[in-house]
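Read the figures in this text as sums done on the coordinates, not as results from a lab. All of these numbers come straight from a predicted model, not from anything done at the bench. Ideal geometry is used to build each Cβ from the backbone, glycine not excepted, and the neighbour counts take in all protein chains shown.
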Amino acid sequence: MKNVGVVLLILGVIGLAYFGYEAYQQSGSFNAFGVDVAVSKADWTPVILSALVTVAGYLIMKMKRK
């Protein structure tokens with residue numbers, strides 16, 4: 001069971017890095033009346049799911065057997 005947790009943890013971190021970078025690339029900023037305004041067109045669902053997979057992998061990895 002610990003191996004499954006490690007695999008999920010690794011996949012979650014890779015997903016966070018990849019989808020986070022993609023979301024970062026799809027955002028932009030502009031100046032309006034001297035204020036820097038940030039706009040994002042990114043879909044944040046893959047980032048959130050990757051974070052959930054990372055947390056689930058960590059919890060499974062740390063789970064103790066009885």
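Here are the numbers for this structure:
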quantity: Nearest 10 degrees, 0 to 90: helix 45-62 Cα axis against the chain principal axis; calculated: 30
quantity: Computed label-point distance, nm, for sites Leu52 and Tyr21 using a 7 Å Cα→Cβ extension; calculated: 2.5
quantity: Most positive-pole-ward Cα, Gly20, Val47, Leu59, against dipole of the chain from beta carbon charges; calculated: Leu59
quantity: Distance cut-off 19 Å, percentage of C-alpha pairs in the chain lying past it; calculated: 48
quantity: In degrees, nearest ten, helix 2-25 long axis to first principal axis of the chain (Cα); calculated: 10
